[in-house]
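Worksheet: one structure, shown below.
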Amino acid sequence: MSRRQLERGRAVRGTVTADGIAPLGRADPDDADCVVLHIDMDAFFTSVEELRSPGLRGRPVIVGGTGPRGVVAAANYPAREYGVHSAMPMSRALRMCPDAVVRPPDGAAYRRVSAAVMDILRSVTPEVEQLSVDEAFLDVSGARRRLGGPVRIAELIRSRVHGEQGLTCSVGVAATKFAAKLASTRCKPDGLLLIPTAHVAAFLHPLPVGALWGVGDKTEQALRRLGLRTVGDVARTPPETLRHELGQALGAHLAELAWGRDPRPVTTETADKSVGAEETFDSDVRDPETIRRELLRLTEKVARRLRASGQAGRTVVVKLRRADFRTVTRSRTLGEPTDVAREVFTAAGELYEASGLSGVPLRLVGVRMEGLVPAGQIHHQLALDEPDQGWRAAERVQDEVIRRFGAGAIGPAALAFRDEDDV
Amino acid sequence: MKFRVERDVLADAVAWTARTLPVRPSVPVLAGMLLDAGEDDGRQRLRLSSFDYEVSAQVSVDIDVDEPGRTLVSGRLLAEIVRNLPPQAVEISTDGAKVVVSCGSAKFTLLTLPVEDYPTLPAMPELTGSVLSDAFAAAVSQVAVAAGRDDTLPMLTGVRVEIEGETVTLASTDRYRLAVRELTWTPQDPGVSAVALVPAKTLADTAKSLTSGAQVSIALSTAGSGEGMIGFEGGGRRTTTRLLDGDFPKYRALLPDSFNSVAEVQKSEFVEAVKRVSLVAERNTPLRLAFSDGRLVLEAGAGDEAQAVEVLDASLEGDDIQIAFNSTFLVDGLNAIESDIARLQFTTSTKPAIITGKPVDDGASDYRYLIMPVRLSS
């Protein structure tokens, strides 16, 4: 069961009623408690490509790798009519649809458009949970007084995204994230679907079990063995039976979900627990200087990611994997959280030295920062011998140079003059 | 060996000597306390010694000697036993390879350690000068509070002692604060000039424990004569310690000499308020101070955390200033000044501030406590 099978491929602008989906009329929609919106951009990558090359419109377009092992990353709706879908080998896709225009993915362009769309969403409410480049949940309970009911807000978002970015999106409106996401999937492309709370169960029950969040191939097979093919079958099964057959957590979860009960709130930030980077060497490395240089390179990367995300970490963790896969991790908690590579590297280098693995062949090294806090909450105890402009300032300048001139434009001297692949 | 001694005299001496016993002795004999009974300057004395290759301690007390001799016993065990003896005369004697401690009706038999393996204690360097013991203890405690505790930066775990004729300057810093104190003393040679870096903890403990006599003699081995060492002697107790290596920061340059604001606050009120307000400050969150004419506002906590605020009377000359500090560092400094009124001098909110006592006419102690502020996240 995949989302593809749930999509109808025909635009819908409607509401779920007792008798199926009805167009949204003039009457006030039954959306009082449906404060969760799921926004899903339609065929996002290919739509951006069409925007850049308007001649593509109406023709089948595939974004993906063009090499011998290339895979489809996205296909527009005309291409989908030939049966092309994402994750399919490109060679097969082109056999199904030889006339398709193939474009290599341009991540930077997609991220730029994505950021603009997310800005629109955040102007509606700060309660935005971004799921990926082209998908987000919104909790609009705080925006209703200002902008009207959830359906009206959904219409507003759709018209602004279209007006400002020239792209279409589909919006699901419901009381829970689970139902809202199903709604947007059902109304794609360029659609809007409201699932009033009273009709959630009726809407869900005819759907195949694969529509339930958390049901993958394995669980679907397990449910099929129990003779449960639709969500309604699951809903009518005693929760104890589900727990017994599927385990406590999953069983209880599905028993709730089958009735449309989903306790997950819209969370604006999924707080990272840690930020890390690791490197597997092409061949094992024993030279301590080379290891230290790699640790420095990884540290720079980690610190840059911390700064970019406005976080700082308190605990430095170094991971060292020997040639025989035995792995040691060593950690040190600093006096105060930091996002300065220089400070992280000092600790990381000392951890490596103290690990007793200096001179031992290693196949992998990693650096990770844990105990993350928003950088805005760090107060810095100044030291007597600290210059007014220290490493922190130097690294901020480095970020700025990299932002303008690209990665590799500036970095620690110890990492300079190396193969491009290493930087 | 056989001698008798007053229980309290023995208990004091043993307890003081035991403080220098190593917790994890590198060689077993260092866990021992050396007892040496005999004549010393025509008096019958017991000399107790302990040593851990860094610090040595030696004390001598009056006893009645029946039979002179030396022996080595477990220092911890002896200290435990003596501390718990009844208040009567104690008799200690050797019996073959054992030591017998009797007091009233109690009797203990201890094993001895091989006394011939015990290292020779370092000789006391030549006397450099002497200082009033109470003044010395007070000065050391004022300075040692700012010393570092991080053994990875050993030179910051010491108190820098600078001797220049009749003036001794003590200084220590952990990079976040710096305490400096000058005091006068009586040098052997009026033209003496010397510096030493003394482990702060040892110095503070030593200075405090030498206040039973009026004077403390200080003996500093000059850098030229082998390994650096400093010795202290007073009230029958003497201790030596190895000096620390490493370059102490050039701290005089760090002391600002011009300020934009000078505030004065009643010290005890200030300390109480700092402690109260910082109750809501979690670890690593600073205490914020706002000085304006006539008052000082103390605040801690922010946003969705618990918050506290308190207002005190304060005089201010110069610009209003808002500045944040680690509250522990601030309390340490305020507690260290001797005056009832604390004077705080500021340049800006990211520059060091200086805490002193309000100067009085007769020229109170020259003590300065420099404290680095906390830069608040913007």
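The values are calculated or read from the model by the stated rules, or taken from the named source; none is laboratory data. Not measured: the values here are computed from a predicted model. Don't worry about glycine lacking a Cβ; one is built from the backbone with ideal geometry, like all the others, and counts go over all protein chains shown. SASA here: full protein model, heavy atoms, side chains in, ligands and nucleic acids out. Shrake-Rupley method; radii C 1.70, N 1.55, O 1.52, S 1.80 Å.
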Please state which one of A:150, A:196 is of a type outside the set (Val, Ile, Thr) and closer than 26 Å to residue A:237 by Cα. A:196
Among residues of segment B:149-172 being touching an Asp or Glu at 6+ places or on another chain (Cβ under 9 Å) and crowded, with 19+ Cβ neighbours inside 10 Å, the residue nearest to the other protein chains (Cβ to nearest Cβ) is B:156
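Going by the structure shown, is residue B:233 surrounded by fewer than 18 Cβ atoms within 10 Å (Cβ to Cβ), part of a strand (DSSP E or B) and of a type in the set (Asp, Glu)?
Working: surrounded by fewer than 18 Cβ atoms within 10 Å (Cβ to Cβ): no; part of a strand (DSSP E or B): yes; of a type in the set (Asp, Glu): yes.
Answer is no for this residue.
For every residue, the table says whether it meets (1) closer than 19 Å to residue B:141 by Cα; (2) among the basic types (Lys, Arg); (3) without any contact (Cβ under 8 Å) to a residue 12 or more places away in the chain.
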position: B:214; (1), (2), (3): yes, no, no
position: B:235; (1), (2), (3): no, no, no
position: B:247; (1), (2), (3): no, no, no
position: B:253; (1), (2), (3): no, no, yes
position: B:258; (1), (2), (3): no, no, no
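Please pick out the residue among A:354, A:348 that is among the aliphatic types (A, V, I, L, M) and in contact (Cβ under 8 Å) with a residue 40 or more places away in the chain. Let's see the steps before the verdict.
Working: A:354 fails: in contact (Cβ under 8 Å) with a residue 40 or more places away in the chain.
Of the residues listed, the single one that is among the aliphatic types (A, V, I, L, M) and in contact (Cβ under 8 Å) with a residue 40 or more places away in the chain is A:348.
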So how many residues does segment B:260-297 have that are free of Cβ contacts under 8 Å to residues at least 60 places away in the same chain, more than 14 Å from chain A (Cβ to nearest Cβ) and open to solvent by 30 Å² or more (accessible area, probe 1.4 Å)? 10
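Residue-wise test of (1) among the hydroxyl-bearing types (Ser, Thr, Tyr); (2) in contact with an Asp or Glu (Cβ under 9 Å, 6 or more places away or on another chain); (3) open to solvent by 40 Å² or more (accessible area, probe 1.4 Å); (4) within 14 Å of chain A (Cβ to nearest Cβ).
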| position | (1), (2), (3), (4) |
| --- | --- |
| B:299 | no, yes, yes, yes |
| B:316 | no, yes, no, no |
| B:325 | no, no, no, yes |
| B:331 | no, no, no, no |
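Any idea which residue in segment A:290-341 is surrounded by the fewest Cβ atoms within 10 Å (Cβ to Cβ), counting only those that are β-branched (Val, Ile, Thr) and over 28 Å from residue A:361 (Cα atoms)?
The first filter runs over segment A:290-341 and keeps only residues β-branched (Val, Ile, Thr), leaving A:290-291, A:299, A:302, A:315-318, A:327-329, A:333, A:338, A:340.
Retained after the next criterion (residues that are over 28 Å from residue A:361 (Cα atoms)): A:338, A:340.
On the way: A:338: 24, A:340: 20.
Among those that are β-branched (Val, Ile, Thr) and over 28 Å from residue A:361 (Cα atoms), it is A:340.
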Filtering segment B:344-361 down to residues that are touching a residue at least 40 places away in the same chain (Cβ under 8 Å) and open to solvent by 60 Å² or more (accessible area, probe 1.4 Å), which residue is farthest from residue B:251 (Cα to Cα)? B:358
Considering only residues that are more than 13 Å from every other protein chain (Cβ to nearest Cβ) and of a type in the set (Val, Ile, Thr), look in segment A:322-356 and name the one that is nearest to residue A:292 (Cα to Cα). A:344
For residue B:370, the lone unmet condition from (1) within 30 Å of residue B:167 (Cα to Cα); (2) at pLDDT below 95; (3) within 14 Å of chain A (Cβ to nearest Cβ); (4) not in a loop (DSSP other than H, G, I, E, B) is (2)
Across segment A:363-405, which residue is nearest to residue B:251 (Cα to Cα) among those that are within 12 Å of chain B (Cβ to nearest Cβ) and among the charged types (D, E, K, R)? A:385
Are there helices (runs of 4 or more DSSP H) fully within segment A:227-297 with at least 3 residues that are of a type in the set (A, V, I, L, M, F, W, C)? List them. A:231-235, A:248-257
Applying the selection to segment A:155-178, what residues are in contact (Cβ under 8 Å) with a residue 60 or more places away in the chain, small (Gly, Ala, Ser) and out of contact with any Asp or Glu (no Cβ under 7 Å at 6 or more places or on another chain)? A:166, A:172, A:174
Picking from B:310, B:317, B:338, which residue would you name as being under 27 Å from residue B:367 (Cβ atoms), in the same structural domain as residue B:356 (by the TED database) and within 28 Å of the chain's Cα centre (by Cα)? B:338
Within segment A:110-167, take every residue that is within 14 Å of residue A:36 (Cα to Cα) and among the β-branched types (Val, Ile, Thr) and give me the one that is nearest to the chain's Cα centre (by Cα). A:128
Can you give me the number of residues within segment A:212-226 that are free of Cβ contacts under 8 Å to residues at least 60 places away in the same chain and in a helix (DSSP H, G or I)? 8
Pairs with Cβ under 9 Å, 6+ apart, first in segment B:1-17 and acidic (Asp, Glu), second in a helix (DSSP H, G or I): none
